[in-house]
1. Give me the percent relative contact order of segment 22-83, please, defined on Cα pairs under 8 angstrom at least 6 residues apart.
2. Work out the length of the dipole vector of segment 133-206 about its Cα centre, built from +1 on the beta-carbon of each Lys and Arg and -1 on the beta-carbon of each Asp and Glu, and round it to the nearest 20 debye.
3. Expressed as a whole number of Å, what is the distance separating the alpha-carbon centroids of segment 102-177 and segment 204-247?
4. Taking the Cα centre of the chain as origin and charging only Cβ (+1 Lys, Arg; -1 Asp, Glu), how large is the dipole, in debye to the nearest 20?
5. By the scheme Lys and Arg +1, Asp and Glu -1, what is the net charge of all other residues having a beta-carbon under 15 Å from that of V209?
6. Highest first, please rank the peptides 179-186, 270-277 by the mean number of other Cβ atoms sitting within 10 Å of their residues.
7. Once R0 is set to 35 Å, what does the formula 1/(1 + (r/R0)^6) return for the Cβ-Cβ distance between I54 and R208, expressed as a FRET efficiency to the nearest 0.05?
8. Please report, as a whole percent, how much of the solvent-accessible surface of segment 1-139 comes from carbon and sulfur atoms (probe radius 1.4 Å).
Amino acid sequence: MRYIDKTTDVNFFRKEISKEKTVFLDFGYLAGVIESWWKKNNNQGTHALKSQLINLFLTYLRTEDTAHFGTVGLRNGHAAICITNIFNLDSPKLALTVHEALADLFHLTDIKYEYEEHKALFLKPSAEKHREWGNGHGDITPHSDDLYENLDVDYLALTVCRDITKTPTAYYFPSSLLCELNDQEIHELLTMEAAFISGKNVSGLKKRVRQVVKFSEIYGFQFSLDFRIDPQNGARMRAVNGGQHVLDKIRSGLSSAKNHVSIAETGTFLIVANHKVLHARPMLNLDADQVRAHANNSTFNNTPRLLFRSKGPRKQYYALNETACTREAC
């Protein structure tokens, strides 16, 4: 039997990444229960509400829906899950509570950098001047988050509280971005390293060198790709051991590459495996004057587009080694 090096075999690579997909779930059957509970309990604190809502989800969700909580990012093709119709009320507090409860159920450990207000995404002052920024007006190029950080971010989750602009989050599977590469270029990609640098949201400059593609028996192929260009620092991803022409070829095909979109409506939750899916966003469906007016007077209650975000590593659980237990300890 011929030995296959899974980390560099091009045919195996193409076959594996073609399996990645999105699972769409409709929680509309639970929306009435959630909103009835909310109207009776919304005067409580967020921590208490989140705990109650987690219990409500686990009590009323269908078994086939809860089965997805532990599957995102595994080598089973569930690289993204989009849940719609979770709630219909335009309430920032409800949206945040739902977001935090589902992030916990999907085993996402949220992180907070000291330099970044990452939780709420909405138009901020000078938003009309900026692209490549979640709080800006302009488009955002396909990327995975925080590749310049020492921490590995496994998941990104977004919940829509309100979006009267109807501007969905777009996301790309690597199979769609790499389909024009020939076998030699794929092989170069599989052995490539790249330097990733920070952008607008970070004071100063952060940098990390990563392998662009890794393989794991548990998680399959995972990618580190970021095609954004920062106005000050330039390309956010640069090959360090050759192969820049491969990255440039992928970039040249971004405008025609197949992408998927979330549902830009109240009550939508999207979670993606950060190293299996690149996310992006078109320019908001507002003109510059509208953006300026909203950005200078934004509150959670009047901003036209309000999303809540979590990102970070997956929670790790460790099996007990019973053979190491003493009689007293066990």
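The values are calculated or read from the model by the stated rules, or taken from the named source; none is laboratory data. These numbers were taken from a predicted model, which means no experiment stands behind them. Backbone-built Cβ (ideal geometry, glycine too); neighbour counts: all protein chains shown. For the accessible areas, the whole protein counts, side chains as well, though only heavy atoms, and no ligand, DNA or RNA atoms are used. Shrake-Rupley method; radii C 1.70, N 1.55, O 1.52, S 1.80 Å.
1. 61 percent
2. Using Cβ point charges on Lys, Arg, Asp and Glu, segment 133-206 gives about 540 debye.
3. Each part's Cα centre sits 17 Å from the other's.
4. Dipole size: approximately 240 debye.
5. +2
6. 270-277, 179-186
7. 0.55
8. On segment 1-139, the fraction of accessible area on carbon and sulfur atoms equals 52 percent.
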